[in-house]
Structure formats: C-alpha cells, structure tokens
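Each remark here refers to the structure printed beneath this line.
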C-alpha cells in the first residue's frame, strides 16, 4: 500500500512538472543573505580593530586593513564604509531591495585611552 502511494505521488509530481521558482529571485535571495552575513563579520572585525589599535578606526577598508583583519579576500563592491568620527563609523551593504546597516553603524564606540606609564 505504501509503495502504491509513493508511486502515485511520484507520477503526479512528474506530470505537474517542476515547481515555478524563478532563478533570479533565488539568486538575489542568496546574494542578500551573503551580504547580511558579511556585514556582520565586517562589523565585528571593525570593532575588534578599534579595540586592538587603541581606539583608532581605519580611515578606509583598503587591502592592508582587510589583511590585518584577516578578511583580505572579501569583495567590497556591495559595501560602503565611512569613518564618521574618531569612534563612530557607518557600514552599509546593498541588497536587491534596498540597503542594510551594520549593528554598530552610527553608534559611538567606547573611548579607549592608551595606557601610559
């Protein structure tokens, strides 16, 4: 009985054809998810850079800074980074339906004073 049911379902699926999924929307969804993931990683790396460099944000995310962060192979095309102030930055990513900002974008980071002896 179970075999007959499985065969019937298989026949029905073959007759109806593939599901109408648009490949462009699927590609856009995957790309958007990649951008969302990478903006989280970049945000965390920028904050780590800020802490490890005595409260200094990078002026731009060029190849050298990304190499220090360990993210030298990232395509920065969908991302925009701007150093707003000494302890504030703005990181945005372009999605297929708008843009997204990182969690610490526009947030003042804690002032870090270098230790002097």
- How far apart, in nm, are the 7 Å Cα→Cβ label points at residue 85 and residue 59? 2.0
- Message: If I build a Gaussian network model for the chain, linking alpha-carbon pairs within less than 10 angstrom, which residue out of 38, 76, 15 has the largest mean-square fluctuation?
- Response: 15
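Going by how many other Cβ atoms sit within 10 Å of their own, how do 90, 66 line up, fewest first?
Numbers: 90 15, 66 18.
By the 10 Å Cβ count, ascending, the order reads 90, 66.
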- Message: Counting other beta carbons within 10 Å of each residue's own, what order do 27, 4 fall into, fewest first?
- Response: 4, 27
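FRET efficiency for residue 97 and residue 74, Cβ-Cβ distance as r, R0 = 22 Å, nearest 0.05?
Numbers: r = 22 Å, r/R0 = 1.00.
Once the sixth-power term is evaluated, E becomes 0.50.
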- Note on the structure: Fewest to most Cβ atoms within 10 Å: 102, 97, 29, 45 sort as 97, 29, 45, 102
- Along principal axes, largest first, the alpha-carbon spread of the chain in whole Å comes out as 83, 29, 25
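So what is the 222 nm mean residue ellipticity for the chain from helices alone, if each DSSP H run of at least 4 adds -39500 (n - 2.57) and you divide by all residues, rounding to the nearest 500 deg cm²/dmol?
Details: 3 runs with 52 residues, N = 117.
Computed ellipticity for the chain at 222 nm equals -15000 deg cm²/dmol.
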- Note on the structure: So residue 6 and residue 111, fully extended at 0.36 nm per residue minus their Cα-Cα distance, gain in nm 31.3 nm
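Each reported figure results from applying straightforward, stated rules to the coordinates on display, with no laboratory input. Just so it is clear, the model here is predicted, and its values are computed rather than measured. Ideal geometry is used to build each Cβ from the backbone, glycine not excepted, and the neighbour counts take in all protein chains shown.
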